[in-house]
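The block underneath contains the structure these notes are about, expressed in structure tokens.
The values are calculated or read from the model by the stated rules, or taken from the named source; none is laboratory data. As the structure is a prediction and not an experimental result, all values here were calculated from the model. Methodologically, a virtual Cβ is constructed for each residue, glycine included, from the backbone with ideal geometry; neighbour enumeration extends over all protein chains shown. Only protein heavy atoms, including side chains, enter the accessible area calculation; ligands, DNA and RNA are left aside. Shrake-Rupley method; radii C 1.70, N 1.55, O 1.52, S 1.80 Å.
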Amino acid sequence: MTTNARDDDGGSRRNGPDEGVDPYRKSSIFSAATVATPLTILFYGIVVLSVHRADAAAAAAVAANASSDDDSSGDFGDSFSWEHIVQLKDRIMEGPDGLEVMDLVLLGTISVLALELLNFLVKRSGYWFHAKFIPVRGKHLDELSSKDNLFIGLNKLATAPFVYFMVRYMFYEPNSSWAPRNITWMNTLLPLPIIFVAYDFFYTLLHWALHIKAIYGYIHKHHHHQKAPSRANVDAVNVHPIEYFLGEYNHIFACFLYCRVMGMELHIAAIVLFLVIGGTLAGLNHTRFDCVVKLWGATIYDSKHHDVHHRIPQSNYGQYIMLWDRIFGSFRDYDPNDRINPKAQLDQATGKSIEYMNRKKGATKVE
């Protein structure tokens, strides 16, 4: 079945089969492969929690034997369960240096699982909000190579230590605030636009530097194998680990500038919003969803701008906003009149290009 849909320029174009149909309703997309990673992480999280619980039980038993006070009530299982929670909470409240190895493993697993959940939500969000699709104009990376999967896996795992160092920095930052009762718009909402602008200033410079010919082939070229991103955060983190490290820890640097250089108070709730919003926008940058955020008529964010960058690399270096690209002269607006190759569009049932699926069907017939 094929349909005619309105393109961005108001004209009509011929789309692939069942365009606009939620692909997650089709078994080939929402398959075991789709949920394998989250379930695997959840499984290991349960294993880690079980081991953590056993270690805490042993520690509690030793403490109970060494104590001369035996007036506690209830069986050991009930007291241990509560004691385990209290002990972990107390270690967290003591700060990063009070955490044990298994605490770090458990919290790191939760961080990676949170990234997987965010990726799932971003991939679904366009269908929930009935977003328009950005037509594919560049070559879609239909199959991930072993190198792609290696980099994606390493970078997902690297999320855990990044979160740890972000939390560690905020814990020891004199201008940080943690108590829920201290949340105000001045230390939680006001910092967000400032931090995003500061982050993107340095990210734009970094991104531009990674496109320098002498450097490009060693690091950033890998990310540009995909010229029509579609897998949300999976395509977003499909970068060289060095690039991922520099981009992620730039978040900490932006917070440092706000707290230490500007001398402003920053609540930990602002950090949570900063990372969640940033992860969402970075994921949307690597989907086919046409997502635009405007404020008083001015475009603050447009996912099409990063899609332009993947096709025309010497433009739109910013991650979240195009402010610095406009200032530096590297901004290139999205042109809805650019040529569209119908065969390059994605098959909604598989997420692969129609051209790729046709080749695959042809090879199957030959066999």
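Could you tell me whether region 312-329 includes any residue that is more than 19 Å from L206 (Cα to Cα) and of a type outside the set (S, T, Y)?
no
Conditions first: (1) open to solvent by less than 40 Å² (accessible area, probe 1.4 Å); (2) within 20 Å of G126 (Cα to Cα); (3) part of a helix (DSSP H, G or I). H309 passes all but one, so which condition is the exception?
Failing condition for H309: (2).
If you go through region 284-293 one residue at a time, do you hit one that is in a helix (DSSP H, G or I), touching a residue at least 24 places away in the same chain (Cβ under 8 Å), out of contact with any Asp or Glu (no Cβ under 6 Å at 6 or more places or on another chain) and buried (at least 18 other Cβ atoms within 10 Å of the Cβ)?
Taking every residue of region 284-293 in turn, at least one turns out to be in a helix (DSSP H, G or I), touching a residue at least 24 places away in the same chain (Cβ under 8 Å), out of contact with any Asp or Glu (no Cβ under 6 Å at 6 or more places or on another chain) and buried (at least 18 other Cβ atoms within 10 Å of the Cβ).
Would you check if K343 is at negative phi and surrounded by fewer than 15 Cβ atoms within 10 Å (Cβ to Cβ)?
yes
Rundown of residues vs (1) over 25 Å from Q226 (Cβ atoms); (2) open to solvent by 60 Å² or more (accessible area, probe 1.4 Å); (3) under 18 Å from the mean Cα position of the chain (by Cα), yes/no style:
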site: W128; (1), (2), (3): no, yes, no
site: F151; (1), (2), (3): no, no, yes
site: L154; (1), (2), (3): no, yes, yes
site: A160; (1), (2), (3): no, no, yes
site: Y164; (1), (2), (3): yes, yes, yes
site: W178; (1), (2), (3): yes, yes, no
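Out of all the residues in region 226-280, which are assigned to a helix (DSSP H, G or I), open to solvent by 40 Å² or more (accessible area, probe 1.4 Å) and out of contact with any helix residue (DSSP H, G or I) (no Cβ under 8 Å at 6 or more places or on another chain)?
Scanning region 226-280 gives I242, R260, V261, V272.
Counting only residues that are in contact (Cβ under 8 Å) with a residue 12 or more places away in the chain and open to solvent by 60 Å² or more (accessible area, probe 1.4 Å), which one in region 181-193 is farthest from F274 (Cα to Cα)?
Step by step, filter region 181-193, then rank; the result is N182.
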